[in-house]
Amino acid sequence: MKHTNFLPFLLIIALPCFAVENAPELGSQAAVLLDAATGTVLFEKNADEEIPPASLTKLVTMHIALKEAAAGRASLDEIVPLPPESWAIRQPPRSSLMFLAAGQRVSLGELLLGLAVPSGNDAAVAVALRFAPTVEGFVQAMNAEAEGMGLQKTRFTEPSGISEFNMTTARDFAQFCREYIGLHPETLKDYHTVEEFAYPKAENVAAVFRSRPGTIIQYNRNALLKSFPGTDGLKTGYIDEAGYNIALTAERQGTRFIVVILGGPAARGGDRIRDDDGKRLLTWAFENYKTIRPVIDPPEPARIWKGKTNFTDIVPAGALEFTAEINRGAGLRGEVALDYPLLAPLPSGTTVGSLVLYDDRGELRRIPLETIQAVERGGFFKRIWDSIRLFFRSLG
């Protein structure tokens, strides 16, 4: 890796600005597309308009359950009680259902699958009451989680999405989906790509009903799982007040994109408009952008003057991976550009330069470099000696 000494300069780090003149026109009300690895937003339409998430809400319900399981406070294999509030017959009219009923035995993992595939409102209530004394108490946890994630315009009144008073934006929910996939990558295979769901099975019902359990087979409503290669999630939703919503993710050749579309027309064919919008956005993204993950040797220690030590280790202050246009990245290389001279004292975490990434077409990205260890000021004679050496270097 080549090292270059620069005069001190201001490091300005920002997400790349991409031209979107060739982006598709959408029939849906709002949308955001981002690179899952970097968070770079590549497309937005009415990204901050508040729209009810409908059954996308169930992803937040799943997230809280999965978070509790990961913390050891729950198990996906545990049998979850089914209070009357969770029975299918107690759900509001036009609810999507898993078909929970009195006397059934169902695991937490099955409930999560019932949320992901048939989008059961009854499953959402059962999960909520597993983790809180009341549904309202669980909703408080949902709102606290949204606030903790920095979702400024997202709020919930119930855990299934049937209420028009749940609210989010395309930007907020795309950010949530990125967090969700990062925290629970196994859900893509275990839940969100599962194409059909059969329930109740014999093991779910009382012994007297096991010969005829009344199994109902339902299918995943995410049509892009079959029609767009690389799609492996996440969730669809619909209520009259929102129209047709979808949270999508697809991965090809190491690049994953996330798309959130809200407000497909609430009319016949609105689901096709929403799905077509998703296909067009993902096609456009894969044709124009990719994630680059540089493999760069660690920077050599930086020379420090007038300190107790002459060198300190430095590391990139941010992630190396970044989003680039599809035709960039050939011949990728990195150069270290250090401020000069670096003078002690230097606290740990001090920015001392940047790692500059180039490809065959020029500069791609600058990442700040910072010190790992603090460097204390050297003694009097050390400072005098280094001052003399710096003076003669300046003459050269």
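Only the coordinates and a few stated rules stand behind these numbers; no lab work does. Since we're looking at a predicted model, the values are computed, not measured. Here the Cβ positions follow ideal geometry from the backbone for every residue, glycine too, while neighbour counts run over all protein chains shown.
Nearest 10 degrees, 0 to 90: what angle lies between the long axis of helix 135-148 and the longest principal axis of the chain (Cα atoms)?
Between helix and principal axis, roughly 20 degrees.
Under 18 Å from the 7 Å Cα→Cβ point of residue 308, by amide nitrogen: which residues of the stretch 331-349?
Output list for this probe position: 343-349.
Could you give the spread of the C-alpha atoms of the chain along their three principal axes, from largest to smallest, in whole angstroms?
Extents along the principal axes: 93, 46, 35 Å.
Please give the residues of the stretch 273-296, grouped as numeric ranges, whose backbone N is less than 13 Å from a label point set 7 Å along the Cα-to-Cβ vector of residue 327.
Output list for this probe position: 288-289.
Give me the number: length gained by fully extending residue 385 to residue 165, i.e. 0.36 nm times residue separation minus the C-alpha to C-alpha distance, one decimal in nm.
Details: separation 220, 0.36 × 220 = 79.20 nm, distance 7.02 nm.
Taking 0.36 nm per residue and subtracting the Cα distance, the gain is 72.2 nm.
Sort 77-87, 123-133, 24-34 by packing, meaning the average of other beta carbons within 10 Å per residue, with the highest value first.
Values: 77-87: 15.6, 123-133: 23.4, 24-34: 21.7.
In descending order of packing, they fall as 123-133, 24-34, 77-87.
How would you rank 149, 98, 62, 142, going from fewest to most other Cβ atoms within 10 Å of each one's own Cβ? Mind dumping the intermediate values first?
Values: 149 17, 98 29, 62 26, 142 23.
Ordered by Cβ neighbours within 10 Å, fewest first: 149, 142, 62, 98.
Can you work out the FRET efficiency for the pair residue 272 and residue 195, with r the C-beta to C-beta distance and R0 = 22 Å, to the nearest 0.05? The partial results should precede the final answer.
Details: r = 19 Å, r/R0 = 0.87.
Result of the calculation: an efficiency of 0.70.
Please give the helix 121-131 orientation as an angle from the longest Cα principal axis of the chain, in degrees from 0 to 90, rounded to the nearest 10.
Helix 121-131 and the main axis of the chain meet at about 60 degrees.
What is the order of 340, 358, fewest Cβ neighbours within 10 Å to most? Present the calculation step by step, with values, prior to reporting the outcome.
On the way: 340 18, 358 15.
The fewest-first ordering by Cβ neighbours comes to 358, 340.
Give the shape of the stretch 30-82 as rounded, prolate or oblate, defined through the alpha-carbon gyration tensor: a ≥ b ≥ c are the square roots of its eigenvalues, a/c under 1.5 means rounded, and otherwise the shape is prolate if a/b is larger than b/c and oblate if not. Provide the component values of the computation, followed by the final result.
On the way: a/c = 4.62, a/b = 2.00, b/c = 2.31.
Oblate, because a/c is 1.5 or more while a/b does not exceed b/c.
Using only Cα atoms, find the angle between the long axis of helix 380-395 and the longest principal axis of the chain, and express it within 0 to 90 degrees, rounded to the nearest 10.
Helix 380-395 sits roughly 80 degrees off the main axis of the chain.
If the chain between residue 95 and residue 143 were fully stretched, how many nm would it gain, using 0.36 nm times the residue separation less the Cα-Cα distance? Write down the numbers at each step before the final one.
Details: separation 48, 0.36 × 48 = 17.28 nm, distance 2.25 nm.
This chain segment gains 15.0 nm when fully extended.
Determine the sum of side-chain charges near residue 117: Lys and Arg each +1, Asp and Glu each -1, restricted to other residues whose C-beta is under 12 angstrom from that of residue 117. Mind showing how you got there, number by number?
On the way: positive: 58, 221, 235; negative: 110, 190, 195, 196.
Once positives and negatives cancel, what remains is -1.
Which number do you get for Rg(Cα) / (2.2 N^0.38 Å) in the stretch 129-276?
Numbers: Rg = 17.4 Å, N = 148, 2.2 N^0.38 = 14.7 Å.
So the Cα radius of gyration is 1.18 times the expected 2.2 N^0.38 Å.
Loop-only trypsin sites (Lys or Arg not before Pro) in the stretch 207-264, please: DSSP not H, G, I, E or B, and at most 14 other Cβ atoms within 10 Å. Intermediate values should be presented prior to the final figure.
Working: sites: 210, 221, 226, 235, 252, 256; in loops: 210, 221.
Those satisfying the criteria are 210.
Computed FRET efficiency, Cβ-Cβ of residue 134 and residue 240, R0 25 Å: what is it to the nearest 0.05?
0.40
Classify the stretch 54-96 from the C-alpha gyration tensor, please: rounded if a/c falls under 1.5, else prolate or oblate depending on whether a/b exceeds b/c. Before the final figure, lay out each step's value.
Numbers: a/c = 3.85, a/b = 1.50, b/c = 2.57.
Verdict is oblate for the stretch 54-96.
Counting Lys +1, Arg +1, Asp -1, Glu -1, what net charge surrounds residue 35 among other residues with beta carbon under 10 Å of its beta carbon? Could the numbers behind the result be given before it?
Working: positive: 178, 256, 290; negative: 321.
Taking every other residue near residue 35 into account, the sum is +2.
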